[in-house]
Each structure stands twice: as C-alpha cells, then as structure tokens.
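Each remark here refers to the structure printed beneath this line.
Quick note: the coordinates plus some simple rules give every number you see, no bench work behind them. Everything numeric in this text was worked out from a predicted model, so none of it was measured. Positions of Cβ are generated from backbone atoms using ideal geometry, with glycine treated the same way; all protein chains shown enter the neighbour counts.
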Amino acid sequence: MYTDIRPITKPTVIAFFPNAGLKEVQILPPGCAEPEIAYYAIFDDVCVFSGINNLYGGTSGWAEEYIQNIAKQEKRKVSQFIFYDLQTFAGELQRGRGQFSFYRLEFKYDEGELTVYDWVREFCPPEIRAIFADCIGVPEYMLH
C-alpha cells in the first residue's frame, strides 16, 4: 500500500461554491498517441484538478502542462490561481478506491517557463471531496 509520509500542512481556506461544476482538461504529452485527462473545478482564485486516466505519468508527471491548459481554457493567467492536485485512484495507479492526497502546488512562472517545484500536502476539505467523489471512488454519503 502506498503511504505518503510528507506532513499535512495547515489547510488553505476554500469557500464552498455550489455551482463549481467539474470541467475537463486534456494534455497530449510529447510522443504519445492518447491524451492524459483530468477534471478540474474553479473556486474563485483556487483551481483543483484530478486525473481520471493515467497513461503517461498522471497529474504529478505533467502538472505544468495541466496548469497551463487550465489557465488557457479559463482565459486567465496562471498567476491568477492557486492550484491543487487531488491525487486519487482514478489518476494514480498506486492508489486504491477511497485513497487520495490533496496537494497545493508551489510553482514559479518566469519568462514563459512554468516550473512546479513542490507539492505541499494539505487537508482536503469535505466540499472538495464531495465534488470529486467519483474520482475518489467513495459514495458521496460516506464523505461527510
């Protein structure tokens, strides 16, 4: 069983926005035939994304591409968001149903080059777990 040993930091406050539906974003890694896919939701200046297939490394392997594609789809600058990666069984092969980790992505964006340099583990708010329940793999009634 996969265990993440990094400490959980104090959570960033995320207000619940009931109309924040899931959207889809795709990336096509170089030399790959099929796209990697993630779902994401926007909460004002917070964006949470979660992979739903893991063909070429999942969201952690392609975080920069996901961030750039989400910002482009939303017609906003990368710097206007705080990004979170919700890693679940749907997008990470080493996780079972109901297992997930929630990471705030630390990144720098200089001269057109985006680099994610840290995944800071945080507590995942129940509202986020409910919105991404299908990705996590636990019935919604068990998330509260």
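From the set of residues in segment 69-93 that are surrounded by 17 or more Cβ atoms within 10 Å (Cβ to Cβ) and polar (S, T, N, Q), which is farthest from residue 111 (Cα to Cα)?
Step by step, filter segment 69-93, then rank; the result is 88.
Considering segment 69-99 alone, what residues qualify as being in a loop (DSSP other than H, G, I, E, B) and of a type in the set (D, E, K, R)?
75, 76, 77, 92, 95, 97, listed by residue number.
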